[in-house]
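Before any comments, here is the structure.
The values are calculated or read from the model by the stated rules, or taken from the named source; none is laboratory data. Computed from a predicted structure; not experimentally measured. Cβ coordinates were reconstructed from backbone atoms using ideal geometry, including for glycine residues, and neighbour counts include every protein chain displayed. Protein only, heavy atoms only, side chains kept; ligands, DNA and RNA dropped before computing areas. Shrake-Rupley method; radii C 1.70, N 1.55, O 1.52, S 1.80 Å.
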Amino acid sequence: MAKAMRSEQVRVLAGKEVRVTNETVSIGDVRLDPDNPRIRFQLRRSGKTKPTQEDLQKLIKEQSGYDGLQKTIRKAGGIHDPVIVRHDGTIVEGNTRVTVVSTLHEGMPSNPRWKTIPITRLPKDVPEQAIAMLMASYHVAGKNKWLAFAKADQIYQLVHKFKCTPEQIADE
């Protein structure tokens, strides 16, 4: 196997410069986040309080758009945009892409295309509010639209948990 690539880069998150690392890691080195807004909502509905990674994958596979994304990733031979993870490997942005690659890896464990994924790792000291704002920027008004309930839940978290003002949320 080729040597893993790793580089550093400065990104701006919630108005602050943050030094991140870009890496290629084994698919098993990242974990789905049960606190992801789309997953969190589905978990509440299912009544599961201590979900396994398999439980989370099942919920993600049930979401609209999963099958189309799996087909796209399979045809492309991998993912293009790095998955964003916390310092400990918990996924911030990319739970569905990781589920797709993990599923393809399970079906074809010897295929090198499904053994690793590109990630952008956030440092340990990134505030939770900045991570929540990043997720909102991607999904409330950004690249991948969440369903209305997930958007509302994320905005609720920003206002009530992180004490963000409507102006801060709109600016982000």
* Pairs of alpha carbons in region 16-77 whose separation is greater than 16 Å (percent) -> 59 percent
* To do: Once you've got the GNM for the chain with C-alpha springs shorter than 10 Å, pick whichever of Val92, Val18, Val83 has the biggest mean-square fluctuation.
  => Val18
* To do: Pop a pseudo-label 7 angstrom from the Cα along the beta-carbon direction at both Arg113 and Val159 and give the gap in nm to one decimal.
  => 4.5 nm
* Can you tell which of Thr116, Thr90, Thr52 shows the greatest fluctuation in a Gaussian network model of the chain with Cα springs below 10 Å? -> Thr52
* How much accessible area does Tyr156 have with a 1.4 Å probe, in Å² rounded to the nearest 10? -> 130 Å²
* Using the membrane-span-like helix rule (whole DSSP H runs, Cα extent along the own axis of at least 24 Å, mean Kyte-Doolittle hydropathy at least 1.6), which helices of the chain qualify? -> none
* Asked: Top to bottom by accessible area (1.4 Å), largest first, where do Met108, Met133, Met5 land?
  -> Met5, Met108, Met133
* 222 nm [θ] for the chain, helices only, -39500 (n - 2.57) per DSSP H run of 4+, per residue, to 500? -> -13000 deg cm²/dmol
* Report the relative contact order of the chain, percent, no decimals, based on alpha-carbon pairs under 8 angstrom and at least 6 residues apart. => 26 percent
* To do: Answer with a single label: of [x] 16.8; [y] 16.2; [z] 17.6, which was calculated as Kirkwood radius over Cα pairs in Å from the structure in view?
  => [x]
* aspartates and glutamates with Cα under 16 Å of Lys161, excluding same-chain neighbours fewer than 8 positions away -> Asp35, Glu128, Asp153
* Length added when fully stretched, His87-Lys50, from 0.36 nm per residue minus Cα-Cα -> 11.1 nm
